[in-house]
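The values are calculated or read from the model by the stated rules, or taken from the named source; none is laboratory data. Everything numeric in this text was worked out from a predicted model, so none of it was measured. Here the Cβ positions follow ideal geometry from the backbone for every residue, glycine too, while neighbour counts run over all protein chains shown.
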Number of protein chains: 2
Amino acid sequence: MSHDAILDAIAFDGQGLVPAIAQQHDTGEVLMLAWMNREAVAETLATGRVCYFSRSRGRLWRKGESSGQAQRLVELRLDCDGDALLLLVDQTGVACHTGRRDCFFRAARNGALEEIAAPLVSPEALYG
Amino acid sequence: MSHDAILDAIAFDGQGLVPAIAQQHDTGEVLMLAWMNREAVAETLATGRVCYFSRSRGRLWRKGESSGQAQRLVELRLDCDGDALLLLVDQTGVACHTGRRDCFFRAARNGALEEIAAPLVSPEALYG
C-alpha cells in the first residue's frame, strides 16, 4: 500500500523532521516524544513497528533495536497543521532508556523537580 | 516562588524553544503539541495558566487569549533528556483552532487520512 498521500500531508521542518508523541493506546499514558523523518514515517507505516530518526546518532532508530523495548503501531495521527504526529502504540516493556515506563518522570513541584517514577528495569539489563 | 531550578533543567533548542505536549489531566486525551520558550514556561509556572510561544506570530501566546479556550496547568513534567515537556492541563472547551476537542483528528487509515472527529464549535464562534 502506498502511503504517499499521508507522507505528503506532513509538514517536516527545515531539517526534514517532525516531532512524534508516543501514547500507549489503551491506557493513554504519554510515553515519550521523539522525531521522525519521511523515511522513518514511511517505514513505520509499512512495517507497523515504530521507527524514529535519532538526532544524536543521525540515523534511523528502530525503537527497541538495542533494548528489545519495541513499539507496535496501532494508529498514526496527524495534527491540524500537519507539523506534529501522535502515535498510538503498544509499548513492549519500558519506553525510557532510564528503565522507566515513560520519559516524563520529573514533575515540577514546589519550585523543584521531583522524580515521580522509579526504574522498572535497570539500564544495564536493557543495554548491557 | 522561584522556578529557576526547573527552567535551568530544560534543554531549549537553538531557537530557544522546547516542544510541549498538552494532555487533559483526567481523561488522558492528548490535546495538542505547541512550543514554549523560557519566558513562556516561567509565566505558565507563575500563573498556572498555560502560555506558549507562537512560532508563526513570534510572540508569547496565552492559550485562549482570543478564543477563551484556556488551559489551566495541573502539572508540568520534564522528560529524561530535558528536551520535551508534558503539560497536564484542564482544557476549557476545545483545544484546536478548528473547533475540535484536540488537534489530532486525522488518522492514517488504508493509505489515506481520515477525519475522525468533527468540530464541536465553529471557528467563527471562537474567533469571530
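Couple of notes before you dig in:
- Test for A:Trp35: is it under 30 Å from A:Gly128 (Cα atoms), among the aromatic types (Phe, Trp, Tyr) and in contact with a Leu (Cβ under 6 Å, 6 or more places away or on another chain): yes
- Residues considered: B:Asp79, B:Asp90. Of these, the only one that is among the acidic types (Asp, Glu), within 25 Å of A:Phe104 (Cα to Cα) and under 15 Å from the mean Cα position of the chain (by Cα) is B:Asp90.
- Matching option when the condition is on the phi < 0 side of the Ramachandran plot, at pLDDT 95 or above and under 15 Å from the mean Cα position of the chain (by Cα), among A:Ala112, A:Ala117, A:Ala84: A:Ala84
- Test for B:Phe104: is it within 13 Å of chain A (Cβ to nearest Cβ), touching a residue at least 12 places away in the same chain (Cβ under 8 Å) and buried (at least 19 other Cβ atoms within 10 Å of the Cβ): yes
- A single member of B:Glu39, B:Glu29 is facing chain A (nearest Cβ under 9 Å) and within 30 Å of A:Ser56 (Cα to Cα), and it is B:Glu29.
- Any hit, the range B:14-31, residues being among the charged types (D, E, K, R), within 14 Å of B:Leu76 (Cα to Cα) and at pLDDT 95 or above: no
- Some residue of the range A:29-44 being within 19 Å of A:Gly99 (Cβ to Cβ) and of a type outside the set (A, V, I, L, M, F, W, C): yes
- Condition met for B:Gly48 (at pLDDT below 95 and either more than 14 Å from the chain's Cα centre (by Cα) or more than 19 Å from B:Leu17 (Cα to Cα) (or both)): no
- In the range A:25-32 there is no residue matching the filter, namely being among the polar types (S, T, N, Q), surrounded by fewer than 23 Cβ atoms within 10 Å (Cβ to Cβ) and farther than 23 Å from B:Ala22 by Cα.
- Residue in the range A:87-101 that is closer than 17 Å to B:Asp83 by Cβ and either surrounded by fewer than 16 Cβ atoms within 10 Å (Cβ to Cβ) or of a type in the set (Ser, Thr, Tyr) (or both) present: yes
- Being among the β-branched types (Val, Ile, Thr) and surrounded by 17 or more Cβ atoms within 10 Å (Cβ to Cβ) holds for only one residue in A:Val121, A:Val41, A:Val74, and it is A:Val41.
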